[in-house]
Amino acid sequence: MFGNQEPEYKQLFINNEEWIQEKLAKDPNYFVKHAESQSPEFLWIGCSDSRVPPQEICKTKKGMIFEQRNIANMVVHTDLNVMSVLQYAVEVLKVKHIIVCGHYGCGGVLAAMTKNNHGLVNKWLLNIKDIYVNHKAELSQIEDLSLRADRLVELNVIEQVYNLTKTSIVQKAWKERHLNIHGWVYDMKTGRIKDLDVLKDEITDIDEIYWYK
Ligand code: CO
């Protein structure tokens, strides 16, 4: 179909077999143990970007991070996917931490800053355009466009953290137990994660209209 070359995806099966053998060499019960159950401490809401794999950049073991990744690490209340992941992670898995992690150079954020028509994804990126408009006074002061984009990446993470606090899922959990929410940004050029210190001790400055009884 693609000429005489082996399709590239076949390499993934070769890698998979190598990985299985590596794991079994160290521990013959490795897969049996992992298949039993999961109790991850972290819910990671990150970008789909292939360069930001949470397990690798945080050097965590399998089973520690429950993941939701989408374009530009958004927490959109009408998105059934992110809301279902959130509810399951908080209410069933009882994660201790939720991390929203953006990254500098995010294609989704950069696209939202332009007037380019990207089709369906416009609907998703509209949420970022709204954040841009809400912070236009600050952003327009930053003349360098890539620095302006970096700041919008941060503002987007902060907004998504607040979006989490506006869900009845998080609010209900806060009435019952400790649940930490973090806003981070990953710098692809250095590999370093920066904590934006968005929420302190579960106190938020969202308007009271967002709080459910
Ligand atoms: Co991105």
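The values are calculated or read from the model by the stated rules, or taken from the named source; none is laboratory data. On a predicted model such as this, the values are computed, not experimentally measured, just so you know. Cβ placement follows ideal geometry from the backbone for every residue including glycine, while neighbour counts extend to all protein chains displayed. Only protein heavy atoms, including side chains, enter the accessible area calculation; ligands, DNA and RNA are left aside. Shrake-Rupley method; radii C 1.70, N 1.55, O 1.52, S 1.80 Å.
Is it fair to say ILE131 is within 26 Å of GLN55 (Cα to Cα), within 16 Å of the ligand (Cβ to nearest atom), assigned by TED's automatic domain parsing to the domain that holds ARG192 and surrounded by 13 or more Cβ atoms within 10 Å (Cβ to Cβ)?
Criteria not met by ILE131.
PHE66 fails exactly one of the following numbered conditions: (1) of a type in the set (Phe, Trp, Tyr); (2) in contact with a strand residue (DSSP E or B) (Cβ under 9 Å, 6 or more places away or on another chain); (3) not in a strand (DSSP E or B). What is the number of that condition?
Against the list (1) of a type in the set (Phe, Trp, Tyr); (2) in contact with a strand residue (DSSP E or B) (Cβ under 9 Å, 6 or more places away or on another chain); (3) not in a strand (DSSP E or B), PHE66 comes up short only on (3).
For the stretch 40-68, which residues satisfy the criterion of being within 8 Å of the chain's Cα centre (by Cα), open to solvent by less than 30 Å² (accessible area, probe 1.4 Å) and either among the aliphatic types (A, V, I, L, M) or more than 14 Å from the ligand (Cβ to nearest atom) (or both)?
Within the stretch 40-68, ILE45 is the sole residue that qualifies.
Just need a number here: residues in the stretch 69-95 that are open to solvent by 10 Å² or more (accessible area, probe 1.4 Å), under 13 Å from ILE169 (Cα atoms) and either among the β-branched types (Val, Ile, Thr) or touching a Lys or Arg at 6+ places or on another chain (Cβ under 9 Å) (or both).
The qualifying residues number 5.
Could you grab the pairs with beta carbons closer than 7 Å, sequence gap of 6+ or different chains, first residue in the stretch 52-64 and at positive phi and free of Cβ contacts under 8 Å to residues at least 60 places away in the same chain, second one more than 16 Å from the ligand (Cβ to nearest atom) and not in a loop (DSSP other than H, G, I, E, B)?
Close Cβ pairs (under 7 Å, with a partner that is more than 16 Å from the ligand (Cβ to nearest atom) and not in a loop (DSSP other than H, G, I, E, B)) amount to GLY63/HIS34.
So in the stretch 153-171, with the set limited to residues that are of a type outside the set (A, V, I, L, M) and in contact (Cβ under 8 Å) with a residue 60 or more places away in the chain, which one is surrounded by the fewest Cβ atoms within 10 Å (Cβ to Cβ)?
Here the answer is LYS166.
This table checks each residue for (1) away from the ligand (no atom under 14 Å from the Cβ); (2) in a helix (DSSP H, G or I); (3) in contact with a strand residue (DSSP E or B) (Cβ under 9 Å, 6 or more places away or on another chain).
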residue	(1), (2), (3)
ILE98	yes, no, yes
GLY105	no, no, no
THR114	yes, no, no
ASN117	yes, no, no
LEU125	no, yes, no
ASN156	no, yes, yes
